[in-house]
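As structure tokens, the structure follows; a few thoughts come after it.
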Amino acid sequence: MTVRRIIVDLSDRMLYLLDDNKVIRGFPIGIGKELTKTPIGIYTIINKVPNPGGPFGVFWMGLSRPHYGIHGTNSPISVGHEVSHGCIRMYNEDVLTLSKLVSIGTQVTIRA
């Protein structure tokens, strides 16, 4: 059985999906602003919510750190920039793709 996990690399503003420690997909992301930085650490996906409304685009995946998640955006121009309140923003089509490839309990490592 393969083990999937996510690595969020804040320095290059990319989210990587790994399958048995091999990168199988990479996605550009938006990250937290200077005053509301994306928290570094190891978390897990604890819920998946389609169509969460508001600025979260078409999909939300909540992390084990309360109030943080990986989500789509209603402002695609923000992907690639330091713009969020700490969440990880993805293009809507990318977050939908990722949501189909990971399950609740998937490990998410956020690193500088």
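For GLY86, what is the net charge nearby, where nearby means another residue's Cβ is under 10 Å from its Cβ and Lys, Arg count +1, Asp, Glu -1? Taking every Cβ under 10 Å from that of GLY86, the sum is +3.
Where both partners of a DSSP beta bridge lie in the chain, what percent of those bridges are antiparallel, to the nearest 5? Write out the running numbers ahead of the final one.
Values: 25 of 34 bridges.
That works out to approximately 75 percent antiparallel.
Taking the helices alone, the chain has a mean residue ellipticity at 222 nm of -2500 deg cm²/dmol, built from -39,500 (n - 2.57) per DSSP H run of at least 4 residues and averaged over all its residues. For the stretch 4-49, the spread of Cα coordinates along the three principal axes comes to 35, 25, 20 Å, biggest extent given first. Average accessible surface for the chain: 52 Å² per residue, computed with a 1.4 Å probe over protein heavy atoms with every protein chain in place. The alpha-carbon of LYS37 sits under 20 angstrom from the alpha-carbons of these aspartates and glutamates, leaving out residues fewer than 8 places away in its chain: ASP9, ASP12, GLU82. Given the choices (1) 19, 15, 13; (2) 40, 15, 11; (3) 21, 15, 12, semi-axes √(5λ) of the Cα gyration tensor in Å derived from the coordinates of this structure is entry (1). Counting charges near GLN107 (Lys, Arg +1; Asp, Glu -1) among other residues having Cβ under 12 Å from its Cβ returns a value of +2.
Across ILE46, ILE77, ILE31, mean-square fluctuation computed from a Gaussian network of the chain (C-alpha pairs under 10 Å connected) peaks at ILE77.
The values are calculated or read from the model by the stated rules, or taken from the named source; none is laboratory data. This one's a predicted model, so the numbers in the text were calculated from it and none came from an experiment. Every residue, glycine among them, receives a Cβ derived from its backbone with ideal geometry; neighbour counts consider all protein chains shown. What goes into the accessible areas is simple: the full protein's heavy atoms, side chains included, and nothing from ligands, DNA or RNA. Shrake-Rupley method; radii C 1.70, N 1.55, O 1.52, S 1.80 Å.
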